[in-house]
Amino acid sequence: MRNLSTGLRRRAGSMRAHDALPPGLRAWLQQAALPWSARSALRLWTRALAQTGDPGAARARLERAEASMLARDAMRVWGPGHPACTPRSK
């Protein structure tokens with residue numbers, strides 16, 4: 001997967017850290033478009049669960065975060081005319 005163009009830093013992660021994630025988060029990571037680290041995904045998941053108490057809302061927050069990162073990367077890689085880019089508010 002070295003041909004992935006993203007602003008995310010690569011980190012060597014342990015499978016043990018991934019295996020220790022909550023089942024709902026692991027399921028979401030399996031379909032994620034970006035290579036999330038177990039640490040960053042768990043941080044966002046935990047924060048969302050603490051605020052909402054709802055695993056569905058936590059997944060929705062992860063999806064919004066990922067969509068935002070993909071839009072930012074699309075802007076950088078393909079320019080503002082790419083369909084994945086969202087207009088930035090000023």
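Reported count of residues in region 64-81, each being without any contact (Cβ under 8 Å) to a residue 24 or more places away in the chain and either among the hydroxyl-bearing types (S, T, Y) or surrounded by 13 or more Cβ atoms within 10 Å (Cβ to Cβ) (or both), is 7. Residues that are over 12 Å from the mean Cα position of the chain (by Cα) and of a type in the set (S, T, Y) within region 17-74 comprise T46, T52, listed in sequence order.
Taking the stated definitions as given, is W45 closer than 28 Å to P23 by Cβ, in a loop (DSSP other than H, G, I, E, B) and not charged (D, E, K, R)? So W45 fails the test. On inspection, A12 passes the criterion of being at pLDDT below 90 and exposed (fewer than 14 other Cβ atoms within 10 Å of the Cβ).
The values are calculated or read from the model by the stated rules, or taken from the named source; none is laboratory data. What you are looking at is a predicted structure, and each value in this text was computed from that prediction instead of being measured. FYI the Cβ positions are ideal-geometry reconstructions off the backbone, even for glycines, and counts take in every protein chain you see.
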